[in-house]
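Here is the structure we will look at, set down as structure tokens.
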Amino acid sequence: MDERFSLVGVRPLPAETTLTKRPWYKGKPLLAAAFLALVTLGCLFCPLITTRDPAYMDLLNSARRPDGTFLFGTDTMGRDIFSMIWYGGRVSLAVGLLAAALSALIAVVIGTASGLAPRWLDTCIMRLTEIFMSVPSLLLVMLLQAALGKATVWSLALVLGLTGWAGVAKVVRTEVLALRRSEYILAARAAGGGFFHILRRHLAPNFFPSIMFMVVMNVRGAIAAEATLSFLGVGLPLEVISWGSMLSLSQTALASGAWWIILIPGLFLVATLLAITEIGNWLRGSSNKKHSNL
Amino acid sequence: MKLFKKLLILIVSLLILSLAVFYAARLAPGDPLASWYGERAERLTPEERAQAEVSLGLDQPIHVQYVRWLKNALRGDFGLSFKYKTGVLEVIRGRVGNTLLLGGLGFLLIFSLALGLGLLCAWQEDKPLDKVLCKLGTVTSCIPEFWLSLLLILIFAVYLRVLPSSGAWSVGGGGTADRARHLILPLAVVVTGHLWYYAYMLRNRLLEEVRSDYVLLARSEGLTRRRVMLHHCLRNALPSYLSLMAISVPHIMGGTYIVETVFSYPGIGTLAYESARYQDYDLLMVLCLLSGGVVILSNMLAQAVSERVDPRVRAREAMGGKGADRHG
């Protein structure tokens with residue numbers, strides 16, 4: 001039958017509500033959560049599962065292929081990659097979490113302040129935010145990091161936190177703008193509630209769900225940024241083991257075709273980023289989708 | 001009048017940006033003399049150092065240096081690159097074409113492919129093809145650009161030896177084919193890194209669109225699904241896609257910079273990386289301003305586009321509604 005003469009707008013009847021509950025695991029990112037838990041536990045308890053000192057340079061065994069002794073092989077400086085993965089994961093995850101927490105804090109304060117401020121101030125703050133966002137973040141991070149001196153876990157997390165807030169701040173501001181006229185905010189203000197009181201008790205619980213996804217994505221972004229910077233040689237130095245600094249040996253690995261030095265830390269990195277994304281997507285929630293009209 | 005206002009915003013933005021970058025760069029503890037003199041910087045006597053700092057104007061307070069920089073810049077003199085020992089503009093002029101080629105081709109490819117991919121996914125909503133593409137897309141969007149570059153170099157340059165691993169042309173220069181061969185890998189990384197994000201945005205926008213009432217009306221009037229999708233839904237989704245294209249510029253540019261650095265591709269990105277790393281102040285300033293300017297301009301363009309294509313945005317602004325933000 002021609003498509004022009006088909007029935008449109010037919011909705012399937014809602015399925016009969018059955019008493020058997022949906023299995024609890026349905027629609028949850030179990031695989032991602034399990035992987036993240038595994039990596040986190042491995043990183044937390046790395047002294048228990050690693051057999052070698054990750055920093056020890058066994059020059060006789062440099063750039064060895066993965067085998068029974070060196071599960072993931074060794075890098076060009078003779079360090080055991082299996083041990084480095086877990087110790088390095090600590091650093092990578094710590095940088096990601098710290099940076100995301102810091103940027104979320106800054107974003108909430110700036111976004112709320114901008115949303116509650118008089119219009120001219122709001123415009124000013126938003127313009128400045130836009131200027132801030134206009135420099136490619138890589139350049140900005142390199143500049144700030146250079147100003148802070150040699151990178152450590154803390155300074156790198158600080159820099160990534162300081163540069164990662166703008167997107168979240170914009171969302172917070174939009175949410176606050178929508179909320180600021182609500183009567184309970186007005187009542188709280190009239191009763192003499194200060195900025196931080198209103199923020200914590202009335203605003204934050206309301207915009208928290210909508211920024212949750214972005215904050216999780218910031219964790220992902222910070223981990224990826226740490227890896228990129230350390231790889232380029234402007235992030236963590238070689239002796240601070242992280243997934244990024246492990247990859248900074250790639251140039252020599254490429255020359256000798258030592259695929260494991262590039263592939264193994266990278267796979268851990270990508271799998272972790274993927275798991276975080278899956279969890280972020282789940283947090284964003286599946287909107288109760290209407291039926292397509294097409 | 002409106003144009004004038006926009007121009008004013010652009011100029012003020014660039015001024016603030018230049019001030020911020022100037023201060024940040026000067027506060028960094030690196031040694032700018034090292035990039036001017038190279039290895040010799042360490043052998044300079046204290047007197048020679050002092051003299052060099054005076055001649056390069058590095059001995060004065062930062063704000064004096066900034067005002068002088070600004071005065072010169074307004075006259076079109078953006079200073080010297082410490083590393084290359086020639087005018088900043090000349091250094092950039094030699095590289096900008098390469099970046100435009102890589103970034104521009106990447107931009108075109110990303111948005112034409114994303115358009116097709118987004119449409120395909122929306123058309124096949126929740127069917128196996130859509131699901132597979134969504135999973136695949138999520139995976140590609142999680143791969144950091146530098147690592148994808150490494151992987152491709154490892155496969156195509158180290159093991160298969162079919163494509164060059166770095167640069168923009170072979171030693172001694174080459175023809176168009178040679179340049180194209182050097183472009184394949186960097187371009188592949190730029191496109192893969194960004195493609196899914198924009199395809200997914202378009203897909204979700206289209207899925208919202210097909211749930212609106214006008215689609216039901218159009219279908220009940222006997223228009224085919226295909227026609228409704230392409231002539232009605234896509235048409236309504238395009239304004240936000242266009243402004244998305246404009247907003248995407250800083251992201252794609254940032255990605256291009258990283259890819260250039262990994263592939264040692266002689267473009268603006270490699271230059272920016274070098275200048276930030278070795279404190280090549282004047283060069284860094286111009287590169288930041290150039291990047292920032294492009295981004296600010298593209299943001300303005302995004303707004304102009306969505307105003308022109310979707311009169312509701314302008315109407316909302318005219319009514320003074322603060323909620324006139326674009327939801328792209």
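Worth pointing out:
- Each Lys and Arg contributes +1 and each Asp and Glu -1, all at the Cβ; summed about the Cα centre of the stretch B:46-100, the dipole is approximately 320 debye.
- Whole-angstrom Cα spans of the stretch B:72-111 along principal axes, big to small: 39, 22, 11
- An ellipsoid equivalent to chain A, defined through the eigenvalues of its Cα gyration tensor, has semi-axes of 42, 30, 18 Å when rounded to whole angstrom and sorted largest first.
- Helix-only [θ]222 nm of chain B, DSSP H runs n ≥ 4, -39500 (n - 2.57) each, per residue, nearest 500: -23500 deg cm²/dmol
- Subset of A:Lys21/B:Lys131; A:Lys21/B:Lys127; A:Lys170/B:Lys6; A:Lys28/A:Lys170; A:Lys26/B:Lys127 violating a 27 Å alpha-carbon distance limit: A:Lys28/A:Lys170
- Size of electric dipole in chain A: Cβ of Lys, Arg +1 and of Asp, Glu -1, about Cα centre, debye, nearest 20: 1100 debye
- Here chain A is scanned for chymotrypsin sites (Phe, Trp or Tyr not before Pro) in DSSP loops (not H, G, I, E, B) that have at most 15 other Cβ atoms within 10 Å, and the longest stretch holding none of them is A:57-294.
- For the stretch B:173-287, the square roots of the Cα gyration tensor eigenvalues, ordered a ≥ b ≥ c, give a/c of at least 1.5 with a/b greater than b/c, which places it in the prolate category.
- Contour excess over end-to-end distance, with Cα ends at B:Leu7 and B:Leu89 and 0.36 nm allotted per residue: 27.2 nm
- Largest accessible area first, the residues B:Ile9, B:Ile92, B:Ile184 order themselves as B:Ile184, B:Ile9, B:Ile92 under a 1.4 Å probe with ligands, DNA and RNA left out.
- Taken along the Cα-to-beta-carbon direction at a fixed 7 Å, the label points for B:Leu290 and B:Ile62 span 2.4 nm.
- Shape metrics for the stretch B:124-163, restricted to C-alpha atoms - Rg then Dmax, Å: 14.4, 40
- Net charge over other residues, Cβ less than 12 angstrom from the Cβ of A:Ala227 (K, R count +1; D, E count -1): -1
- Shape metrics for the protein assembly as shown, restricted to C-alpha atoms - Rg then Dmax, Å: 26.6, 93
- Label-reachable residues, the stretch B:196-213, where backbone N falls under 17 Å from a point 7 Å from B:Arg235's Cα toward its Cβ: B:206, B:209-213
- Label-to-label distance, nm, for residues given as A:Tyr184 and A:Trp120 (7 Å Cα→Cβ offset): 3.4 nm
- CD proxy at 222 nm, helix term only [per DSSP H run n ≥ 4: -39500 (n - 2.57); per residue of chain A; nearest 500]: -20500 deg cm²/dmol
- Rounded if a/c under 1.5, otherwise prolate or oblate - the stretch A:1-152, Cα gyration tensor axes: oblate
- A simple rule links phi to the HN-Hα coupling: the Karplus curve 6.51 cos²θ - 1.76 cosθ + 1.60 with θ = phi - 60°, which for the stretch B:192-200 gives 4, x, 10, 3, 5, 3, 6, 4, 5 Hz, with x for Gly and Pro.
- Relative contact order (percent, whole number), chain B, Cα cutoff 8 Å, 6+ residue spacing: 25 percent
- A simple spin-label model places pseudo-atoms 7 Å from Cα toward Cβ; at B:Val132 and A:Leu128 they are separated by 5.2 nm.
- Taking every alpha-carbon pair within chain B, the share separated by more than 37 Å comes to 34 percent.
- Both numbers refer to the Cα atoms of the stretch A:219-291; Rg and Dmax are 16.2, 56 Å.
- Extension reserve of the B:Val162-B:Glu47 stretch, reckoned as 0.36 nm per residue once the Cα distance is removed: 36.0 nm
- Under 5 Å, built H, 5+ apart or other chain: amide partners of A:Asp58: A:Arg79
- Heavy-atom accessible area ranking, 1.4 Å probe, most first, across A:His202, B:His182: A:His202, B:His182
- Considering only A:Tyr184, B:Tyr214, A:Leu98, and ranking their Cα positions along the charge dipole of the protein assembly as shown that arises from unit charges at the beta-carbon of Lys, Arg, Asp and Glu, the one farthest toward the positive end is B:Tyr214.
- Relative intensity, log₁₀ I(q)/I(0), of the stretch A:251-294 from a Debye sum that treats every alpha carbon as a point, q = 0.15, 0.32, 0.34 Å⁻¹: -0.59, -1.01, -1.06
- For chain B, the Cβ-based charge dipole about the Cα centre amounts to some 1120 debye (Lys, Arg positive; Asp, Glu negative; other atoms uncharged).
- Semi-axes of the equivalent ellipsoid for the stretch A:40-101, computed as √(5λ) from the eigenvalues of its C-alpha gyration tensor and ordered from largest down, come to 24, 12, 9 Å.
- Relative contact order, whole percent, for chain A stands at 23, derived from Cα pairs under 8 Å and 6 or more residues apart.
The values are calculated or read from the model by the stated rules, or taken from the named source; none is laboratory data. Fair warning: this is a prediction, and the values are worked out from it, not measured in the lab. Glycine also receives a Cβ, built like all others from the backbone with ideal geometry; neighbour counts cover every protein chain displayed. SASA here: full protein model, heavy atoms, side chains in, ligands and nucleic acids out. Shrake-Rupley method; radii C 1.70, N 1.55, O 1.52, S 1.80 Å.
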